(Lines give C-alpha, C1' and ligand atoms only; values in the text may rest on other atoms or scores of the structure.)
Protein backbone atom coordinates (compact mmCIF):
# COMPACT_ATOMS: atom_id res chain seq x y z
CA UNK A 1 0.00 0.00 0.00
CA UNK A 2 0.91 3.66 -0.09
CA UNK A 3 2.66 5.16 2.88
CA UNK A 4 4.65 8.15 4.05
CA UNK A 5 7.35 8.01 6.72
CA UNK A 6 8.66 11.13 8.43
CA UNK A 7 11.58 11.50 10.76
CA UNK A 8 10.53 11.19 14.35
CA UNK A 9 10.31 14.29 16.43
CA UNK A 10 10.07 16.40 18.28
CA UNK A 11 12.74 18.59 16.73
CA UNK A 12 14.06 21.46 18.84
CA UNK A 13 16.26 24.15 17.29
CA UNK A 14 17.61 27.56 18.09
CA UNK A 15 16.60 30.51 15.99
CA UNK A 16 18.59 30.82 12.72
CA UNK A 17 19.56 27.13 12.74
CA UNK A 18 19.29 24.97 9.63
CA UNK A 19 16.28 22.69 9.44
CA UNK A 20 15.85 19.33 7.74
CA UNK A 21 12.81 17.12 8.21
CA UNK A 22 13.13 13.85 6.35
CA UNK A 23 10.25 12.31 4.42
CA UNK A 24 10.26 9.12 2.37
CA UNK A 25 7.35 7.47 0.63
CA UNK A 26 6.15 4.20 -0.82
CA UNK A 27 3.66 4.40 -3.65
CA UNK A 28 2.61 2.72 -6.86
CA UNK A 29 2.31 5.09 -9.76
CA UNK A 30 3.49 8.70 -9.82
CA UNK A 31 2.35 10.64 -6.77
CA UNK A 32 2.28 14.34 -6.13
CA UNK A 33 4.06 15.24 -2.90
CA UNK A 34 3.12 17.85 -0.33
CA UNK A 35 4.23 19.46 2.88
CA UNK A 36 1.46 20.80 5.11
CA UNK A 37 2.00 22.84 8.26
CA UNK A 38 -0.23 23.11 11.32
CA UNK A 39 0.34 26.10 13.58
CA UNK A 40 -0.86 25.85 17.18
CA UNK A 41 -4.64 25.85 17.43
CA UNK A 42 -5.18 25.84 13.68
CA UNK A 43 -5.98 23.44 10.88
CA UNK A 44 -3.46 22.32 8.29
CA UNK A 45 -2.39 24.59 5.47
CA UNK A 46 -0.40 23.79 2.37
CA UNK A 47 3.24 24.83 2.66
CA UNK A 48 4.59 23.58 -0.67
CA UNK A 49 4.15 20.84 -3.22
CA UNK A 50 5.82 19.11 -6.19
CA UNK A 51 4.01 17.16 -8.85
CA UNK A 52 6.78 15.33 -10.72
CA UNK A 53 10.31 14.05 -10.26
CA UNK A 54 13.04 16.69 -9.77
CA UNK A 55 10.48 19.43 -9.15
CA UNK A 56 11.35 21.74 -6.27
CA UNK A 57 8.57 23.20 -4.18
CA UNK A 58 9.30 26.36 -2.21
CA UNK A 59 7.45 28.78 0.04
CA UNK A 60 8.30 31.07 2.99
CA UNK A 61 11.97 30.05 2.81
CA UNK A 62 11.18 26.33 2.93
CA UNK A 63 12.19 24.02 0.09
CA UNK A 64 11.74 20.38 -0.84
CA UNK A 65 12.85 18.48 -3.93
CA UNK A 66 10.96 15.48 -5.33
CA UNK A 67 13.60 12.71 -5.58
CA UNK A 68 12.18 9.71 -7.41
CA UNK A 69 15.39 7.69 -7.19
CA UNK A 70 15.42 7.85 -3.39
CA UNK A 71 11.60 8.19 -2.99
CA UNK A 72 12.15 11.20 -0.78
CA UNK A 73 10.82 14.73 -0.28
CA UNK A 74 12.87 16.22 2.55
CA UNK A 75 11.89 19.64 3.89
CA UNK A 76 14.66 22.20 4.44
CA UNK A 77 14.99 25.77 5.62
CA UNK A 78 18.26 27.62 5.93
CA UNK A 79 17.40 29.76 8.96
CA UNK A 80 14.39 28.98 11.13
CA UNK A 81 12.43 31.51 13.16
CA UNK A 82 10.41 31.16 16.35
CA UNK A 83 7.29 31.64 14.22
CA UNK A 84 8.11 28.39 12.34
CA UNK A 85 7.24 26.38 15.44
CA UNK A 86 4.47 24.06 14.27
CA UNK A 87 3.69 20.49 13.25
CA UNK A 88 4.82 19.55 9.75
CA UNK A 89 3.16 16.81 7.71
CA UNK A 90 4.45 15.17 4.57
CA UNK A 91 1.76 13.76 2.28
CA UNK A 92 1.29 12.14 -1.08
CA UNK A 93 -1.52 12.07 -3.61
CA UNK A 94 -1.63 9.37 -6.21
CA UNK A 95 -2.50 9.67 -9.87
CA UNK A 96 -5.55 11.87 -10.03
CA UNK A 97 -7.47 9.49 -12.23
CA UNK A 98 -7.94 6.92 -9.52
CA UNK A 99 -7.88 8.58 -6.15
CA UNK A 100 -10.30 11.53 -6.09
CA UNK A 101 -7.45 13.52 -4.64
CA UNK A 102 -7.11 11.51 -1.45
CA UNK A 103 -4.01 12.29 0.57
CA UNK A 104 -1.90 9.86 2.56
CA UNK A 105 -0.16 11.61 5.45
CA UNK A 106 2.94 10.91 7.46
CA UNK A 107 2.74 10.94 11.24
CA UNK A 108 3.81 14.56 11.60
CA UNK A 109 6.94 16.16 13.06
CA UNK A 110 6.73 18.69 15.85
CA UNK A 111 9.18 21.57 15.44
CA UNK A 112 9.99 23.94 18.30
CA UNK A 113 12.27 26.90 17.69
CA UNK A 114 13.73 28.74 20.69
CA UNK A 115 14.94 32.36 20.61
CA UNK B 1 -9.55 32.80 0.03
CA UNK B 2 -11.01 29.39 0.62
CA UNK B 3 -12.77 29.12 3.92
CA UNK B 4 -13.61 25.86 5.64
CA UNK B 5 -15.47 26.19 8.92
CA UNK B 6 -16.32 23.58 11.52
CA UNK B 7 -19.25 23.93 13.86
CA UNK B 8 -17.36 23.59 17.13
CA UNK B 9 -13.76 23.93 18.27
CA UNK B 10 -14.31 21.83 21.38
CA UNK B 11 -16.96 19.24 22.23
CA UNK B 12 -17.44 17.04 25.27
CA UNK B 13 -19.87 14.15 24.97
CA UNK B 14 -20.84 11.07 26.97
CA UNK B 15 -20.35 7.48 25.89
CA UNK B 16 -23.30 6.31 23.82
CA UNK B 17 -24.40 9.76 22.70
CA UNK B 18 -25.02 10.52 19.02
CA UNK B 19 -22.60 13.21 17.88
CA UNK B 20 -22.79 15.45 14.83
CA UNK B 21 -19.77 17.32 13.51
CA UNK B 22 -20.54 19.85 10.81
CA UNK B 23 -18.27 21.26 8.13
CA UNK B 24 -19.05 24.01 5.63
CA UNK B 25 -16.91 25.29 2.76
CA UNK B 26 -17.55 28.39 0.70
CA UNK B 27 -15.60 27.67 -2.49
CA UNK B 28 -17.97 25.36 -4.34
CA UNK B 29 -15.56 22.42 -3.99
CA UNK B 30 -16.77 19.03 -5.15
CA UNK B 31 -14.57 17.01 -2.79
CA UNK B 32 -14.86 17.01 0.97
CA UNK B 33 -13.02 14.91 3.54
CA UNK B 34 -13.13 13.98 7.20
CA UNK B 35 -9.91 13.02 9.03
CA UNK B 36 -9.03 12.28 12.58
CA UNK B 37 -5.68 13.38 13.96
CA UNK B 38 -3.98 11.49 16.77
CA UNK B 39 -0.44 11.99 18.13
CA UNK B 40 2.07 9.75 16.40
CA UNK B 41 -0.47 8.59 13.83
CA UNK B 42 -0.78 11.68 11.66
CA UNK B 43 -4.07 12.19 9.84
CA UNK B 44 -6.22 9.22 8.94
CA UNK B 45 -9.06 9.47 6.45
CA UNK B 46 -12.48 8.50 7.80
CA UNK B 47 -14.78 9.27 4.86
CA UNK B 48 -14.80 11.45 1.81
CA UNK B 49 -17.38 12.70 -0.65
CA UNK B 50 -16.90 13.66 -4.28
CA UNK B 51 -20.40 14.98 -4.91
CA UNK B 52 -23.72 15.64 -3.21
CA UNK B 53 -25.13 12.43 -1.72
CA UNK B 54 -21.99 10.52 -2.77
CA UNK B 55 -19.63 9.10 -0.18
CA UNK B 56 -16.73 6.70 0.02
CA UNK B 57 -15.13 5.00 3.00
CA UNK B 58 -11.65 6.00 3.92
CA UNK B 59 -9.14 4.05 5.95
CA UNK B 60 -10.98 4.02 9.30
CA UNK B 61 -14.76 4.30 8.73
CA UNK B 62 -15.85 1.97 11.54
CA UNK B 63 -18.09 3.70 14.05
CA UNK B 64 -18.72 6.69 11.78
CA UNK B 65 -21.16 7.73 9.08
CA UNK B 66 -21.45 10.85 6.94
CA UNK B 67 -24.06 12.93 5.20
CA UNK B 68 -23.78 15.31 2.29
CA UNK B 69 -27.15 16.77 1.34
CA UNK B 70 -25.76 20.04 0.01
CA UNK B 71 -22.54 20.71 -1.85
CA UNK B 72 -21.14 23.07 0.76
CA UNK B 73 -21.86 20.95 3.83
CA UNK B 74 -20.39 17.63 4.95
CA UNK B 75 -21.42 16.12 8.27
CA UNK B 76 -19.65 13.45 10.29
CA UNK B 77 -21.86 11.38 12.58
CA UNK B 78 -20.82 9.23 15.50
CA UNK B 79 -23.87 7.00 15.99
CA UNK B 80 -22.87 5.94 19.51
CA UNK B 81 -19.79 7.73 20.76
CA UNK B 82 -17.09 5.73 22.50
CA UNK B 83 -14.02 6.79 24.46
CA UNK B 84 -11.69 5.60 21.68
CA UNK B 85 -13.24 8.25 19.44
CA UNK B 86 -11.74 11.00 21.56
CA UNK B 87 -9.61 12.83 19.00
CA UNK B 88 -9.12 15.93 16.87
CA UNK B 89 -11.38 15.87 13.80
CA UNK B 90 -10.39 17.81 10.72
CA UNK B 91 -12.51 18.58 7.69
CA UNK B 92 -11.05 19.48 4.30
CA UNK B 93 -12.26 20.33 0.83
CA UNK B 94 -10.75 20.45 -2.63
CA UNK B 95 -11.54 20.64 -6.29
CA UNK B 96 -11.34 17.35 -8.18
CA UNK B 97 -7.81 16.60 -9.39
CA UNK B 98 -7.30 17.77 -12.95
CA UNK B 99 -4.83 16.74 -15.61
CA UNK B 100 -2.46 19.54 -14.63
CA UNK B 101 -2.49 18.36 -11.00
CA UNK B 102 -2.79 21.99 -10.05
CA UNK B 103 -6.05 21.83 -8.19
CA UNK B 104 -5.57 18.95 -5.80
CA UNK B 105 -4.65 21.11 -2.81
CA UNK B 106 -6.83 20.33 0.17
CA UNK B 107 -8.03 23.21 2.35
CA UNK B 108 -8.58 22.44 6.01
CA UNK B 109 -10.87 23.72 8.72
CA UNK B 110 -9.53 24.56 12.21
CA UNK B 111 -10.56 21.23 13.68
CA UNK B 112 -12.93 20.03 16.40
CA UNK B 113 -11.40 18.52 19.50
CA UNK B 114 -13.87 15.90 20.69
CA UNK B 115 -13.66 14.35 24.13
CA UNK B 116 -15.88 11.36 24.92
CA UNK B 117 -16.24 10.64 28.62
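Tell me yes or no: at least one residue of segment A:11-26 is within 14 Å of chain B (Cβ to nearest Cβ), in a loop (DSSP other than H, G, I, E, B) and in contact with a strand residue (DSSP E or B) (Cβ under 7 Å, 6 or more places away or on another chain).
no
I'm told residue B:98 meets every condition in (1) modelled with pLDDT under 95; (2) surrounded by 14 or more Cβ atoms within 10 Å (Cβ to Cβ); (3) part of a loop (DSSP other than H, G, I, E, B) except one. Can you identify the failing condition by its number?
Residue B:98 satisfies all of (1) modelled with pLDDT under 95; (2) surrounded by 14 or more Cβ atoms within 10 Å (Cβ to Cβ); (3) part of a loop (DSSP other than H, G, I, E, B) except (2).
I need the full set of residues from segment A:36-68 which are under 15 Å from residue A:93 (Cβ atoms), within 14 Å of chain B (Cβ to nearest Cβ) and surrounded by 13 or more Cβ atoms within 10 Å (Cβ to Cβ), in order please.
Of everything in segment A:36-68, those that are under 15 Å from residue A:93 (Cβ atoms), within 14 Å of chain B (Cβ to nearest Cβ) and surrounded by 13 or more Cβ atoms within 10 Å (Cβ to Cβ) turn out to be A:36, A:44, A:46, A:47, A:48, A:49, A:50, A:51, A:55, A:57, A:66.
Out of B:46, B:77, B:60, report the one residue that is modelled with pLDDT of 90 or more, crowded, with 21+ Cβ neighbours inside 10 Å and either over 24 Å from residue A:32 (Cβ atoms) or in contact with a strand residue (DSSP E or B) (Cβ under 6 Å, 6 or more places away or on another chain) (or both).
Just a single option satisfies the conditions, and that option is B:46.
Residues are listed down the side, and each one gets a yes or a no for (1) assigned to a loop (DSSP other than H, G, I, E, B); (2) at pLDDT below 90; (3) surrounded by 18 or more Cβ atoms within 10 Å (Cβ to Cβ); (4) facing chain B (nearest Cβ under 8 Å):
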| position | (1), (2), (3), (4) |
| --- | --- |
| A:70 | yes, no, no, no |
| A:79 | yes, no, no, no |
| A:90 | no, no, yes, no |
| A:101 | yes, yes, yes, yes |
| A:107 | yes, no, yes, yes |
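Give the residues of segment A:27-65 that are assigned to a loop (DSSP other than H, G, I, E, B) and touching a residue at least 24 places away in the same chain (Cβ under 8 Å), sorted by residue number.
A:27, A:28, A:29, A:30, A:31, A:39, A:40
The values are calculated or read from the model by the stated rules, or taken from the named source; none is laboratory data. In this text the structure is predicted, and so the values were computed from the model without any measurement. Positions of Cβ are generated from backbone atoms using ideal geometry, with glycine treated the same way; all protein chains shown enter the neighbour counts.
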